[in-house]
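Everything below concerns the one structure shown next.
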Amino acid sequence: MLFRSGFDLVLSNETNRTVHVADSYGGDLGTVTGVDDAPWATATFTYDRTESGVGGTCTAYDNKATITETEQSASKSVDLCVAEDPTVTKTAAGTFDRTYRWELSKEVDRTLAEQIGGTATFRYTVEVEQEGVTDSGWVVTGVITVVNPNDWQAITLTGLVDAVDNGGSCTVDDGPWVVPASGSLTVAYRCSYSTRDRKSTRLNSSH
């Protein structure tokens, strides 16, 4: 014999209907309460984070959001890389050639001696006199050193120029000019002059 009877299901217990969302940086973000039918509950929490980073390197900033009741978590990491300008130094050494000019002359006390027999004596005078000096070949040489303070990327220089403000003409060794991360690049240069000038040199560099 089969007996049938009707009944209603009554919710007797709720687990995690309302959950708390916390963040390792943002703190307590709020709560979300579940619903019994679709569309299911959703919530969005936003906040800002401001960091200065560390010059010359990349710093990883991690944070994690967690549902307190279920211990579910989601993490994100952001790398903040703070660039610093490269530094440039230069050495310089100047040289030139000097030619000493001289004048040579010779005199004799007489150019004719007439006599019968015996000997004749002539007195010669040789005089050497410096007329001065002639300078040429003025050259300034050295190296340009570029230091990259950043440890996460190399720096490619699009141009490296050396110049002087006293009439000389300069050349720099050909590139490519790549300064490795946390490294340095040394490039030789040469400046030549057609006339003498004692003014100091000046470095102009671009990258």
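The values are calculated or read from the model by the stated rules, or taken from the named source; none is laboratory data. Just so we're clear, the structure is a prediction, and the values are computed from it rather than from any experiment. Positions of Cβ are generated from backbone atoms using ideal geometry, with glycine treated the same way; all protein chains shown enter the neighbour counts. Note: accessible area is taken over every heavy atom of the protein model, side chains too, but ligands, DNA and RNA are not part of it. Shrake-Rupley method; radii C 1.70, N 1.55, O 1.52, S 1.80 Å.
Okay, here's what the table says:
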| read-out | value |
| --- | --- |
| Output for the stretch 69-109, where each listed residue is open to solvent by 80 Å² or more (accessible area, probe 1.4 Å), closer than 30 Å to Leu29 by Cβ and not in a strand (DSSP E or B) | Glu71, Gln72 |
| Qualifying residue in the stretch 163-171 (condition: under 18 Å from the mean Cα position of the chain (by Cα), of a type in the set (S, T, N, Q) and at pLDDT 90 or above) | no |
| Any hit, the stretch 51-63, residues being open to solvent by less than 60 Å² (accessible area, probe 1.4 Å), in contact with a Gly (Cβ under 8 Å, 6 or more places away or on another chain) and touching a residue at least 24 places away in the same chain (Cβ under 8 Å) | yes |
| Residue in the stretch 125-153 that is farthest from Asp85 (Cα to Cα), counting only those that are open to solvent by 30 Å² or more (accessible area, probe 1.4 Å) and touching a Pro at 6+ places or on another chain (Cβ under 9 Å) | Val147 |
